[in-house]
Each structure stands twice: as structure tokens, then as C-alpha cells.
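Data first, discussion second: the structure below is written as C-alpha cells.
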Amino acid sequence: MTTAVSLETEVWRALGTVLDPELDQPVTELDFVAGTEVDGDEVHVDLRLPTYFCAPNFAYLMVADAHDAVAELPGVRRVRVRLLDHFASEEINAGVAAGDGFDAAFPGLAAGELDELRRTFLRKAHLAYQEQVAQQLLREGTELADLVEVRLGGLQPSTALDRLRRRRDQLGLPSGPDALLLVDEHGDAVPVEGLSARLRFARTTRVSIEGNAGWCRGLLDTRYGSGGTAARSGLH
């Protein structure tokens, strides 16, 4: 029998799989979870964002993903996820609760559903983690010409490599030990010609993601005085 304490732990783990699409970090690590509450087989989750005017499509993705992640847990019958203190909270919360999709929640404003937006940011994250792993190899002495032959199975374990593999799995790209480190968005090998420019662009992408994450943490702390400590339980 699932206890409230164990279900609370599973809820938190599930929310840890929900990413801010632009920052490619879990909402739990970003302190976007304002609170959770387990009441029997019902789960309530409150989310918050750094500003009142965060992009509604990004916000909708996170609320919808949080709902779906928690709803898949064994023993959960009903899920309610609320976005707090956002200019479009009412529309987003109602749309996610009804399961109608972003277009229905914002008629006349949305240009298509959010799957392609999600893939766009997954591709950016994949590029950034490729660059992070590749730069470490270059610092250790790997030549640029040899870099294009490196395969994932020959790499030392690291957080960047774990995240790279997860993003490949989500994008349907090869992620096994024989897969090349450097592949394009279609899974094709990257040639050595133009590799330096590609890595510079990838580094710009990575620095932008990391910088935005730091900026958002600062805004969130200014707004809520969170001090970087997420609420594991108790709705605000």
C-alpha cells in the first residue's frame, strides 16, 4: 500500500523530470515548485515562475508536463496543477485541467501546438551538451580531427554525458556506446570541416542557457525570497 510519505517522494521525483524548456533544467532544481500536497489518491501541485510575464507557451509546457508526470504515478487518481502569480494563470490552469491543449486555451493567439517548440529546445540542449563533452576532450589533448571519431562508449561518465544521452533518447537520436559523440540534429556524423565554427556556435548556445538559468534564479529569489530552497510539501 502506498503511503502519503512515499507518494510525496514519488511526486517530487516525477516533478524532477519536468524541464523548463528554455533552461533545460528541472523545475525542482530551479525552485519553480511552490508546494505539493498529497490527499489520499489526489495530488495538488503549485508552480511559480520568476516573473509575472514569463512566456505563456513555456509556462503551459511546464504545467502540462507536471500534470502528466504526476498523473502517471501508480496510486494517483486525480491531479491538480496550478500556476501561481502569472498573467495567464487562469487560461493555463483551465486548459491543462481540461486537457484541451495550448491552442484551445489561447484561441486566435497560438500558432500550432507545442511539440515543435519542445523539440527546438531539446535540440539546443543536445548541442550544448555535445560541446561541453567535446571541450573537455579537447582540453585533455584530443585533436580536432580525432574528435569526430569519438564514440559515447569510450567516454568517461559525467553529468554532461548523462544529459546528452537523455536528450538524444528524447529526440530519437542514437545514444548507445557505438554512437558518435558529434552528430547533427538528424543523427548524421559531423564532418571535421567547419567543426571549429560549429563548436563555437554550440558554446554560445550553452553559455546562453546557463546565463538565463542564473538570471531566472536571481529573479525568482527577488520575487519570492526563496533563497533557493524548494518547497517539498505544503501549498503556498
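A few remarks follow.
- For region 132-148, the count of residues that are in contact (Cβ under 8 Å) with a residue 40 or more places away in the chain and under 18 Å from the mean Cα position of the chain (by Cα) is nonzero.
- Which numbered condition residue 62 fails, given (1) touching a residue at least 40 places away in the same chain (Cβ under 8 Å); (2) surrounded by fewer than 22 Cβ atoms within 10 Å (Cβ to Cβ); (3) of a type in the set (A, V, I, L, M); (4) under 25 Å from residue 128 (Cβ atoms): (2)
- When 117, 109 are checked against the criterion of being touching a Pro at 6+ places or on another chain (Cβ under 9 Å), part of a loop (DSSP other than H, G, I, E, B) and modelled with pLDDT under 95, 109 stands alone in meeting it.
- Residues of region 171-215 satisfying the condition of being part of a helix (DSSP H, G or I) and small (Gly, Ala, Ser): 196, 197, 202, 208, 211, 213, 214
- The C-beta contact set for region 18-29 (first residue in the same structural domain as residue 122 (by TED's automatic domain parsing) and crowded, with 23+ Cβ neighbours inside 10 Å, second residue in a loop (DSSP other than H, G, I, E, B) and modelled with pLDDT of 95 or more, distance under 7 angstrom, 6+ apart or interchain) is empty.
- Taken over region 50-63, the criterion of being under 14 Å from the mean Cα position of the chain (by Cα) and closer than 15 Å to residue 215 by Cα is satisfied by no residue.
- Selection within region 115-155 - among the acidic types (Asp, Glu) and surrounded by fewer than 19 Cβ atoms within 10 Å (Cβ to Cβ): 115, 116, 140, 143, 146, 149
- Of all residues in region 130-146, those satisfying the criterion of being farther than 20 Å from residue 207 by Cβ and in a helix (DSSP H, G or I) are 144, 145, 146.
- Selection from region 74-94 of residues that are closer than 12 Å to residue 63 by Cα, touching an Asp or Glu at 6+ places or on another chain (Cβ under 9 Å) and not in a loop (DSSP other than H, G, I, E, B): 79, 80, 81, 82, 83, 94
- For region 27-64, a residue qualifies if it is in a strand (DSSP E or B) and closer than 18 Å to residue 84 by Cβ, and the qualifying residues are 33, 34, 35, 36, 37, 43, 44, 45, 46, 47.
- Taken over region 31-45, the criterion of being surrounded by fewer than 21 Cβ atoms within 10 Å (Cβ to Cβ) and touching a residue at least 40 places away in the same chain (Cβ under 8 Å) is satisfied by 31, 35, 37, 44.
- Verdict on residue 190 being in contact with a strand residue (DSSP E or B) (Cβ under 7 Å, 6 or more places away or on another chain) and not assigned by TED's automatic domain parsing to the domain that holds residue 22: yes
- Qualifying residue in region 33-54 (condition: modelled with pLDDT under 95 and among the small types (Gly, Ala, Ser)): yes
The values are calculated or read from the model by the stated rules, or taken from the named source; none is laboratory data. Predicted model, so just to flag it, every value in this text is computed and none were measured. Cβ sites come from the backbone with ideal geometry, for glycine too, and all protein chains shown count toward neighbours.
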